[in-house]
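Presented below is the structure to which this report refers.
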Amino acid sequence: MSIVTVQLGQCGNQIGFEVFDALFNDSHCPGGLCSKRENEAYQASCKERFFSEEENGVPVARAVLVDMERKVISQTLSKAARSGRWKYGQHSCFCQKQGSGNNWAYGYSVHGPRHKESIMNLIQKEVEKCDSLSGFFIIMSMAGGTGSGLGAFVTQNLQDQYSSALKMNHIIWPYGTGEVIVQNYNSILTLSHLYRSSDALLVHENDAVHKICAKLMNIKQISFCDINQVLAHQLGSVFQPTYSREGSFHYRRNPLGDLMENLVPHPEFKMLGVRNIPQMSENSLAYSTFTWAGLLKHLRQMLISNAKMEEGIDWQVRPPLSGLPPLGKMSVNKETHFNTSIANLVILRGKDVHSADVGAFKDPALYTSWLEPVHAFNVWKTQRAFRKYEKSAALVSNSQSLVKPLDMIVGKAWNMFASRAYLHQYTKFGIEEEDFLDSFTLLEQVIASYCNL
């Protein structure tokens with residue numbers, strides 16, 4: 001089954017390119033530590049999901065590119081074409097001459113309705129090329145105007161037009177000290193609208209990815225390109241094919257459906273995060289060896305202590321003893337808090353993968369009391385290595401990890417709203433105070449639900 005990717009705004013288009021490039025490079029990586037036949041099956045499965053074939057033999061990304069300014073889309077198209085390995089479709093882009101000026105209301109209320117027909121027609125053409133549609137993967141930022149406002153509008157229309165297809169939004173959480181003065185307004189409006197129309201929100205925080213670039217990748221001058229390559233690596237480690245079940249050598253057919261089934265057991269809880277281990281520069285990789293026991297021990301501690309990378313994990317955080325009541329519900333302000341999960345999916349790739357023991361992730365103390373570990377935890381495996389890592393593990397988690405950043409963004413937005421700062425920029429495009437209040441109410445409810453796990 002195929003996934004149609006919708007890349008929105010500058011951020012969405014730049015990340016989208018890196019994601020397709022990472023997927024293609026990995027699936028055509030020589031060796032992959034598996035047999036030729038297995039490698040070919042892996043390639044075919046990746047291609048079915050993310051690429052369609054052109055007559056001249058160059059795979060074409062199953063993607064629609066949308067931005068209100070031409071520059072980034074032109075750069076993205078030529079970058080893909082220059083690679084010579086894959087490209088975007090000739091008629092898969094929509095751009096205009098005027099952006100959204102970092103105003104969510106302009107993207108949502110002006111660009112959205114004005115260009116709805118053109119954008120939805122492009123998406124429909126892409127859908128028609130799929131033998132079978134798994135769903136939509138929508139890449140967007142939360143802080144600007146086009147990705148966030150138009151992104152929320154497009155997601156809503158996808159929900160109306162393709163109600164039975166799954167929608168996963170990949171959201172880039174802005175830097176805490178971002179340069180867009182209204183980023184907190186844009187963020188709460190984006191999140192509240194997506195909570196109503198999307199099936200899952202896969203979140204990456206810019207601050208966390210920046211730290212990975214600095215500490216794990218040893219990059220001195222960090223660019224957006226560096227950040228996007230780390231994001232693409234993490235997304236690839238989730239979306240590349242895995243076996244459909246233990247002992248099987250057939251790859252999963254419905255990646256989005258399987259992800260949602262495993263990770264979103266209730267529509268009140270749909271915020272997902274990704275952790276990945278190991279992640280390092282190619283120079284370091286050549287001198288490193290890993291065991292499954294070591295990788296999984298670190299990954300579990302990253303989960304329960306809410307660390308985004310293996311460096312600087314707090315090893316003091318422990319699960320509450322099974323059978324004992326927790327010492328009270330989560331407080332948003334507590335510094336070191338045990339990170340309770342609703343659901344976790346561990347994805348293992350590489351050598352001796354069938355010997356990896358994931359028993360520690362089945363501890364009931366890791367999960368909310370209303371879900372048994374048998375329903376809350378899943379593991380996917382493949383012997384095919386990911387990129388140049390002999391062994392690697394990814395963890396997609398639906399947990400309390402985003403409560404603190406969400407609470408901070410809501411708090412900052414509320415302070416601005418209470419003093420009525422910049423509201424006129426939104427009301428003149430039809431977003432009323434009532435819309436803001438609805439967004440605050442919905443997100444406060446989300447925070448309360450996660451805190452009460």
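The values are calculated or read from the model by the stated rules, or taken from the named source; none is laboratory data. Predicted model only: the values in this text are computed from it and were never measured. Positions of Cβ are generated from backbone atoms using ideal geometry, with glycine treated the same way; all protein chains shown enter the neighbour counts. Surface areas here come from the heavy atoms of the whole protein model, side chains and all, with no ligands, DNA or RNA. Shrake-Rupley method; radii C 1.70, N 1.55, O 1.52, S 1.80 Å.
Data overview
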{"item": "Computed over the stretch 126-247: relative contact order in percent, which uses C-alpha pairs under 8 Å that are six or more apart", "result": "24 percent"}
{"item": "Relative contact order (%) - the chain, alpha-carbon pairs under 8 angstrom, separation at least six", "result": "17 percent"}
{"item": "Modelled FRET efficiency - R0 35 Å, N218 with M408, Cβ distances, 0.05 increments", "result": "0.75"}
{"item": "Distance from the stretch 152-225 to the stretch 387-439 (C-alpha centre basis), Å", "result": "9 Å"}
{"item": "Given 15 as the ceiling on other Cβ atoms within 10 Å, longest exposed-site-free region of the chain for GluC sites (Glu not before Pro) in DSSP loops", "result": "56-178"}
{"item": "Neighbourhood net charge (13 Å Cβ-Cβ; Lys/Arg +1, Asp/Glu -1) for A360", "result": "+2"}
{"item": "Ranked order, S92, S35 - accessible area, probe 1.4 Å, largest first", "result": "S35, S92"}
{"item": "Radius, Kirkwood style, for the stretch 123-198 when every pair of distinct Cα atoms is counted (Å)", "result": "13.1 Å"}
{"item": "Accessible area in the full protein assembly, largest first, 1.4 Å probe, for Y389, Y422", "result": "Y422, Y389"}
{"item": "Accessible area of the chain divided out per residue, in Å², using a probe of 1.4 angstrom", "result": "42 Å²"}
{"item": "Cα→Cβ-extended label distance, 7 Å offset, between D352 and C130, nm", "result": "3.9 nm"}
{"item": "Options Q96, S45, A307, ranked by Cα towards positive dipole end of the chain, top entry (Cβ charges)", "result": "S45"}
{"item": "Estimated FRET transfer efficiency when R0 is 25 angstrom, pair R196-E372 (beta carbons, to 0.05)", "result": "0.30"}
{"item": "Volume per residue of the C-alpha convex hull in the stretch 262-304, rounded to whole Å³", "result": "102 Å³"}
{"item": "Of the trypsin sites (Lys or Arg not before Pro) in the stretch 198-245, those whose Cβ has at most 16 other Cβ within 10 Å and which sit in DSSP loop", "result": "K220, R245"}
{"item": "Label-point separation, H266 to K36 (7 Å along Cα→Cβ), nm", "result": "5.3 nm"}
{"item": "Cα-based Kirkwood hydrodynamic radius, the stretch 29-135, one decimal, Å", "result": "16.0 Å"}
{"item": "Rg followed by Dmax, in Å, when the stretch 378-433 is reduced to its Cα trace", "result": "21.4, 56"}
{"item": "Radius ratio Rg over Rh of the stretch 1-41, counting only Cα atoms, Kirkwood formula for Rh", "result": "1.14"}
{"item": "Nearest-20 debye value, the stretch 249-308 charge dipole, Cβ charges on Lys, Arg, Asp, Glu", "result": "100 debye"}
{"item": "Where T427, T242, T441 fall by accessible area, highest first, once all protein chains stay in place (1.4 Å)", "result": "T441, T427, T242"}
{"item": "Gain in span if fully extended, E434 to S244, counting 0.36 nm per residue against the direct Cα distance", "result": "63.7 nm"}
{"item": "Semi-axis lengths, Å, the stretch 80-124, gyration tensor of Cα atoms, sqrt of 5 times eigenvalues", "result": "26, 14, 7"}
{"item": "Pairwise Cα inverse-distance average, inverted: Kirkwood Rh of the stretch 411-453 (Å)", "result": "11.4 Å"}
{"item": "Stokes-Einstein translational diffusion, the stretch 144-259 - Kirkwood Rh over all Cα pairs, 1.306 mPa s, 10 °C, in µm²/s", "result": "97 µm²/s"}
{"item": "Fraction of accessible area attributable to carbon and sulfur, the stretch 333-453 (%, probe 1.4 Å)", "result": "51 percent"}
{"item": "DSSP-defined beta bridges in the chain - what % are antiparallel, rounded to 5", "result": "35 percent"}
{"item": "Mean separation of Cα contacts under 8 Å (6+ apart) over length of the stretch 1-114, as relative contact order %", "result": "28 percent"}
{"item": "Cα-centred dipole magnitude for the chain, charges only on beta-carbon of K, R (+1) and D, E (-1), debye, nearest 20", "result": "820 debye"}
{"item": "Viscosity 1.567 mPa s, 4 °C: Kirkwood-radius Stokes-Einstein D of the chain over Cα pairs, µm²/s", "result": "58 µm²/s"}
{"item": "Only Lys, Arg (+1) and Asp, Glu (-1) charged, at Cβ; the stretch 157-274 dipole about Cα centre in debye", "result": "220 debye"}
